[in-house]
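Heads up: the structure comes next, in structure tokens.
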Amino acid sequence: MKILCVDDDRGSLHLTQRVLERAFPDDEFFAVGSGEEAVKVLGSKAIDLVVTDLVMPGLSGIDVLVEAKREHAETEVIMVTAHSSVESAVLAMQKGARDYLAKPIHGE
């Protein structure tokens, strides 16, 4: 499986990737720090799972979600945010997110 982690906060990006690598040691990981970088990866590789921050400068997690689904409808997307709201959760699910999680994600 190919997994793409997207977060503009380096600490959160590193933690998310580390937790997922422990859970899925045989899978291939890509980690990027912006929505724009994520779109480039999505355009060049068939990604199975995207774990993306919601609020980022430039392209948001919703933008990444829409692009992921446009590139490959079967791609699963998990939205992660420190700025959770009912409205953003509903929008993410309407756009095709598999799940919507609040930060922080605990690795232990």
* If a residue has to be closer than 16 Å to Glu76 by Cα and either open to solvent by 50 Å² or more (accessible area, probe 1.4 Å) or at pLDDT 95 or above (or both) to count, how many in region 1-30 make the cut? -> 11
* Asked: Which residues, counting only those in region 49-65, are under 22 Å from Glu21 (Cβ atoms) and surrounded by fewer than 20 Cβ atoms within 10 Å (Cβ to Cβ)?
  -> Leu49
* To do: Determine, yes or no, whether Glu36 is of a type outside the set (Gly, Ala, Ser) and within 13 Å of Lys2 (Cβ to Cβ).
  => no
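For region 16-23, does any single residue satisfy the condition of being more than 10 Å from the chain's Cα centre (by Cα), assigned to a strand (DSSP E or B) and hydrophobic (A, V, I, L, M, F, W, C)?
So the first thing to find is which residues in region 16-23 are more than 10 Å from the chain's Cα centre (by Cα), and the list is 17-23.
The next check asks that each one be assigned to a strand (DSSP E or B); those that pass are none.
No, region 16-23 contains no residue that is more than 10 Å from the chain's Cα centre (by Cα), assigned to a strand (DSSP E or B) and hydrophobic (A, V, I, L, M, F, W, C).
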* To do: Out of Ala68, Ala38, Ala97, report the one residue that is small (Gly, Ala, Ser), buried (at least 18 other Cβ atoms within 10 Å of the Cβ), modelled with pLDDT of 95 or more and part of a loop (DSSP other than H, G, I, E, B).
  => Ala97
* Within region 73-84, how many residues turn out to be touching a helix residue (DSSP H, G or I) at 6+ places or on another chain (Cβ under 9 Å) and loosely packed, with under 15 Cβ neighbours inside 10 Å? -> 1
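The values are calculated or read from the model by the stated rules, or taken from the named source; none is laboratory data. Remember, it's a predicted structure, so these values are computed and weren't measured experimentally. Reconstructed Cβ throughout: ideal geometry from the backbone, glycine too, with neighbour counts over all protein chains shown. Each accessible area value is taken on the protein alone, full model and side chains, heavy atoms only, with ligands, DNA and RNA left out. Shrake-Rupley method; radii C 1.70, N 1.55, O 1.52, S 1.80 Å.
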